[in-house]
């Protein structure tokens, strides 16, 4: 093949392609034009169903009358005459004067029944008349009755003026009247079934789904660039949702409300799955959408809805949110919880479709429901719905975990922490809300265990662990409650404790240590004794709690505090106590500048107290002195440590193992001899007294004879002698009297120059 021939073939091929392209374009244009014409015709007929039904019935009756006259009348007459024995031409004498009255009576019966049934049903179903006026079977039958009655009337008029249409007479009385009469009673039953609320909802749901599925057809996709077409399509699917919402608001039956909520959810789920097959032009927000009742308060959000193609989802979510609020206010908590459950199902559908924008919207909707529920719960001290809402929010987060939606899981986890802290703040005014904090912590614990099993990044797990540790409500009890043996309840700590047991079993030492250090924060609030008591209570609660609760709830009888890792309790307790010991020793060393020997001695003494609390032994002189008598193996080193330890703690003592060197060491209850001179007198006065209180700044003394207080107040200086119990030494120091309080106690300044003046 030469070059010229090849070039010519290429040119021919190019020309053929261009011609084919032009033909294809023309065909597409023709198809679109035809589709638009067909669409407008169908839309016109759908919008004017009554007119369309009238035209259809009129056409059918006219054609049927003509066909019967031309082709069926003679065979029918011959058949009837042969079967009945009537002489030929007998039908010409048929009297049809009664026919209009019969038709009128039949029409009146049917219409009367309709008016009665619909008027009663419309009291519980709003816009029922609108539904009926769009019901094709009803419109066809009613127009069939009317046109058939008019047909009989025209025949009668024809007969009165001498124009006898014998075939039309027979057709009207033998066929039309018989058919309408037979259909009348089934039609009445049809209307009764039609007005049943469940059937109305079924029709609305299925009609709406048919319209949504139709959006994916090639014909509708081709018309998606036409604004009027899109606007009408958006209006129809919006109207179905508005109808369901109206019925739900008027209905008083729970089953009906549940069906509506479920149908709304299923509709949206199906829409989400079909969305990818709908033409992009459909998602442009039309004036019908902007003026919809759900969007009239929205400002500046339509652009965002167009960008993420979410106007229909937003419509559904707004309706479900309004339903949720109404159900809360009416106390229908089972149905409001159903709304939360359907929201979780919608979230799963969005996750399965990998619709990131929609997942973000659903997270916002869950947070919005939480806000509504918190307001209602605080106002009414009613946590039930928050309990279920937390459960479904947790389910949604676990769906995210299963599909590796890391960023969304982190965000939701943060939101749970924020709302948990906020809910706890309301606990003082609404005590029932405290339990909801435990519920939120439970859902967070489940997620943490799930992401561990799914082997998520350790750093990410660590960050999320920080979130649950911040949902750490201070213990809602006081020490007096513990002293009375009251069983305290700090559910968040119980759940964190259980999470630590899980990590300990899995060998996640770092995570266990973090939780243990966080639990240790309670040591500062409670003190050592109360802290230990709470730890034991928490341990016993986890040890003896079963997987089920002893009462039934909306979520069954699941015990949220149960852990299967009970064998790890002792190990975690030991870790906590070791950390507490280290912390307390460090604090004591820093506070009093103790040596190792002094610290060990102080810790040993604290273990000998009833509460085994180092704070008591370091702040309570009576406890300190009591334990001294029980110490064993007091060698020289330990004795020196006792002396220095007492001085560092600023304690006085009557213990024979210790030497009094300052009046601050003087024991409460010690008998005193106070002496001195009144200025200008030579006589020495002497008084008997008892040490009542010894503080770091002053010694408070009670005079045996209160009448002598006035004389003591006149002394210019005091000399105080005393002999500690169980000692043979008599001590003396000089002091200055400050004043006398309202309780008649003398306040004496301390002296650091106490000396031994006598040994018995």
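Bear in mind these aren't lab numbers, they're just calculated from the coordinates by the rules spelled out. From a predicted model like this one, the values you see are computed outputs, not experimental measurements. Every residue, glycine among them, receives a Cβ derived from its backbone with ideal geometry; neighbour counts consider all protein chains shown.
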Next item on the list: Mind pulling the angle between the C-alpha long axis of helix 636-649 and the longest principal axis of the chain? Nearest 10 degrees, somewhere in 0 to 90.
Entry: 60
Checklist line | the chain, relative contact order [Cα under 8 Å, separation at least 6], % | finding: 5
Item checked: Label selected from (i) 36.0; (ii) 29.2; (iii) 35.0, the criterion being Kirkwood radius over Cα pairs in Å as computed here -> (i)
Margin query: Using only the alpha-carbon atoms, how far is helix 254-274 inclined from the longest principal axis of the chain? Give it as 0 to 90 degrees, nearest 10.
Written below: 80
Check: Is the range 49-195 rounded, prolate or oblate when judged by the Cα gyration tensor, a ≥ b ≥ c being the square roots of its eigenvalues, rounded requiring a/c under 1.5 and prolate requiring a/b larger than b/c?
Finding: prolate
Next item on the list: Please sort 186-192, 300-306, 414-420, 609-615 by packing, taking for each peptide the average over its residues of neighbouring beta carbons within 10 angstrom, highest first.
Entry: 414-420, 609-615, 186-192, 300-306
Margin query: Please compute the contact order of the range 49-195 in relative form: average sequence separation of alpha-carbon pairs under 8 Å and at least six residues apart, divided by the residue count, as a percent.
Written below: 39
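Quick one: grab the alpha carbon gyration tensor of the range 160-275, order the square roots of its eigenvalues as a ≥ b ≥ c, and give me rounded if a/c is under 1.5, else prolate or oblate depending on whether a/b is larger than b/c.
oblate
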Check: By how many degrees, between 0 and 90 and to the nearest 10, does the Cα long axis of helix 73-84 differ from the longest principal axis of the chain?
Finding: 90
Margin query: Helix-only mean residue ellipticity at 222 nm, the chain, DSSP H runs n ≥ 4 weighted -39,500 (n - 2.57), per residue, nearest 500. What is it?
Written below: -21000 deg cm²/dmol
Next item on the list: Could I have the simple spin-label model distance between residue 293 and residue 306, label points 7 Å from Cα toward Cβ, reported in nm to one decimal?
Entry: 2.7
Note to self: Can you tell me how the range 294-373 classifies by the Cα gyration tensor, rounded, prolate or oblate, using a/c under 1.5 as the rounded cut?
What the structure shows: oblate
